[in-house]
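For reference, the structure discussed in these notes is given below.
The values are calculated or read from the model by the stated rules, or taken from the named source; none is laboratory data. Every value quoted in this text rests on a predicted model; they were computed, and no experiment measured them. All Cβ positions, glycine included, derive from the backbone under ideal geometry; neighbour counts span all protein chains shown.
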Amino acid sequence: MLSAQNISVSFGGFNLFDNLNFRLGTGDRVALIGKNGAGKSTLLKLISQEQHPSRGSFSLEKDCKIGYLPQDIEFENTVNLIEETYKAFNEILEIENRLEFINNQLEIRTDYESDEYLNLIQELTELTTEYELVGGYKYKSKTERILLGLGFERNDFNKPTKSFSGGWRMRIELAKLLLRDNDVLLLDEPTNHLDINSIIWLEQFLVKFRGAVLLVSHDRVFLDNITNRTIEIIQKKIFDFKKSYSEYIKLRQELIEQQKLAKKNQDKQIQNTEKLIDRFRAKASKASMAQSLIKKLNKIERIEIDQEENKTMKLNFPLSKQPGKVILETKGVSKQYGDNLVFSQVDILLERGSKIAFVGQNGQGKSTLAKIIVGEIKYQGLVSLGHNVEIGYFAQNQSEYLDGKLTILQTVEEAATENNRSSVRDILGAFLFKGDDVDKKVSVLSGGE
């Protein structure tokens with residue numbers, strides 16, 4: 001269905017991939033994994049032809065169609081939900097526009113016997129047949145079914161796309177992708193903004209999907225429920241096993257342990273051989289034997305242990321000041337956008353030491369409530385912070401606030417205080433930015449980084 005041959009990618013002298021080779025076939029549901037910055041999103045962009053490799057090529061079977069869902073979605077904000085979703089059917093929409101034009105012409109023209117009039121009738125007949133063949137009489141019901149499956153309601157269909165939250169906007173793009181009858185689906189973090197019901201629906205859809213799926217996700221349960229193959233990107237190479245994610249992780253660890261044992265035995269063998277060489281060199285009668293052992297030693301293919309990507313971030317959130325018992329209290333908090341009442345009369349009391357989860361379906365106001373607490377948006381009611389309370393806020397679209405022209409180090413130094421400015425490099429190290437990494441521009445970082 002799709003194959004990659006000797007794919008290499010370089011950015012400004014840095015090699016991201018080096019001679020990658022793999023194939024995707026019908027029924028493959030592949031988990032694409034690797035640390036942040038390993039190149040997962042880049043590989044999806046290469047396959048979808050949004051980017052091009054420095055060397056190598058991709059080949060597709062005839063008429064193979066690829067659908068790509070990126071992490072970041074952009075929409076034309078002047079259309080409503082149903083209009084945006086119908087864009088999945090460009091061919092059908094073009095035929096519809098042409099049919100409408102022809103019908104209008106036939107209504108207003110009176111030259112019934114002319115060649116132009118007869119040609120319009122002939123084209124109308126041909127286009128009507130083509131319209132049926134490409135699903136023109138079914139695409140609207142198909143669109144509604146997919147949108148309802150993704151959690152939209154019928155009264156959402158005429159709402160402008162700009163009125164939907166990030167999670168819902170991602171679902172609109174996902175709906176378009178699912179409607180295009182693609183043979184290969186490339187999904188970059190598809191569950192990031194989905195609620196539980198929508199994740200379950202997507203799982204069921206992908207399990208039944210007859211084509212190939214290549215997806216990036218940090219949701220282990222989602223990966224295990226869907227995938228039957230795992231490709232991991234490590235140090236410019238890929239490791240490819242026909243195993244689900246958890247099975248692969250277990251197998252990889254077993255293989256690394258086997259490599260370590262084999263390398264230990266090989267190192268011992270090499271050490272013994274080197275001792276023999278040193279001993280034989282000291283005797284003229286054994287010089288030829290020493291040379292023979294040296295040649296044998298040089299021919300040994302040294303075992304290298306695959307790099308283990310097991311580094312983890314070390315996070316700590318120290319209190320700048322000891323807060324009081326009550327951290328936050330809201331009384332009668334309400335929020336309304338036009339005619340849309342998001343929530344009403346919300347009363348919350350948070351005490352020191354609490355760990356709180358805001359849960360609920362997309363669009364129910366979780367992010368809105370967070371923005372109210374940090375004072376980003378206006379509201380009705382009362383929000384009061386406790387004694388010595390300082391709030392740290394990490395938004396859903398936090399990366400949009402970063403300046404791509406700055407380096408990692410400059411970005412974090414701007415946020416530092418006098419108390420921790422001298423520790424900026426140590427803090428970055430805890431987030432796995434080591435050495436020269438801190439001098440990278442923010443614009444070249446992956447989404448996770």
Output for Cβ contacts, cut-off 6 Å, separation at least six or different chains, first residue of a type in the set (D, E, K, R) in the range 347-375, second at pLDDT 90 or above and assigned to a loop (DSSP other than H, G, I, E, B), reads Glu351/Lys325; Arg352/Pro323; Arg352/Lys325; Lys371/Ile377
Give all pairs with beta carbons closer than 8 Å in which a residue from the range 395-413 that is within 16 Å of Asp439 (Cβ to Cβ) meets a residue that is loosely packed, with under 13 Cβ neighbours inside 10 Å; count only pairs at least 6 apart in sequence or on separate chains. Gly404/Ser443; Lys405/Ser443; Leu406/Glu414; Thr407/Asp439; Ile408/Asp439; Leu409/Asp439; Thr411/Asp403; Glu413/Arg421
Among the residues of the range 428-449, which ones are closer than 14 Å to Leu406 by Cα, surrounded by fewer than 16 Cβ atoms within 10 Å (Cβ to Cβ) and touching a residue at least 40 places away in the same chain (Cβ under 8 Å)? Val444
Criterion (within 30 Å of Gly25 (Cβ to Cβ) and either touching a strand residue (DSSP E or B) at 6+ places or on another chain (Cβ under 6 Å) or surrounded by 15 or more Cβ atoms within 10 Å (Cβ to Cβ) (or both)) met by exactly one of Tyr131, Tyr68, Tyr86: Tyr68
Would you point out the residue of the range 275-304, among those that are surrounded by fewer than 13 Cβ atoms within 10 Å (Cβ to Cβ) and within 30 Å of Glu254 (Cβ to Cβ), that is modelled with the highest pLDDT? Ile300
Criterion (closer than 22 Å to Ala395 by Cα, small (Gly, Ala, Ser) and outside any loop (DSSP other than H, G, I, E, B)) met by exactly one of Ser334, Ser320: Ser334
Within the range 130-157, of all residues that are aromatic (Phe, Trp, Tyr) and assigned to a loop (DSSP other than H, G, I, E, B), the one nearest to Ile82 (Cα to Cα) is Phe157
Here are some conditions: (1) assigned to a loop (DSSP other than H, G, I, E, B); (2) of a type outside the set (Lys, Arg); (3) in contact (Cβ under 8 Å) with a residue 12 or more places away in the chain. Glu113 meets all but one. Which one does it not meet? (3)
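Step by step: first the residues of the range 397-427, then only those that are among the hydrophobic types (A, V, I, L, M, F, W, C) and more than 30 Å from Met170 (Cβ to Cβ), then the one that is surrounded by the most Cβ atoms within 10 Å (Cβ to Cβ). Which residue is that?
Among residues in the range 397-427 that are among the hydrophobic types (A, V, I, L, M, F, W, C) and more than 30 Å from Met170 (Cβ to Cβ), the one surrounded by the most Cβ atoms within 10 Å (Cβ to Cβ) is Val424.
A quick yes/no check of all residues on (1) over 30 Å from Gly429 (Cβ atoms); (2) over 34 Å from the mean Cα position of the chain (by Cα); (3) not small (Gly, Ala, Ser):
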position: Glu274; (1), (2), (3): yes, yes, yes
position: Ala284; (1), (2), (3): yes, yes, no
position: Glu304; (1), (2), (3): no, no, yes
position: Pro318; (1), (2), (3): no, no, yes
position: Gly324; (1), (2), (3): yes, yes, no
position: Lys331; (1), (2), (3): yes, yes, yes
position: Gly338; (1), (2), (3): yes, no, no
position: Ser344; (1), (2), (3): yes, yes, no
So, in the range 202-234, exactly how many residues are β-branched (Val, Ile, Thr) and touching a Lys or Arg at 6+ places or on another chain (Cβ under 7 Å)? 6
Residue hits (the range 82-110; under 30 Å from Lys162 (Cα atoms), polar (S, T, N, Q) and touching a residue at least 12 places away in the same chain (Cβ under 8 Å)) are Thr85
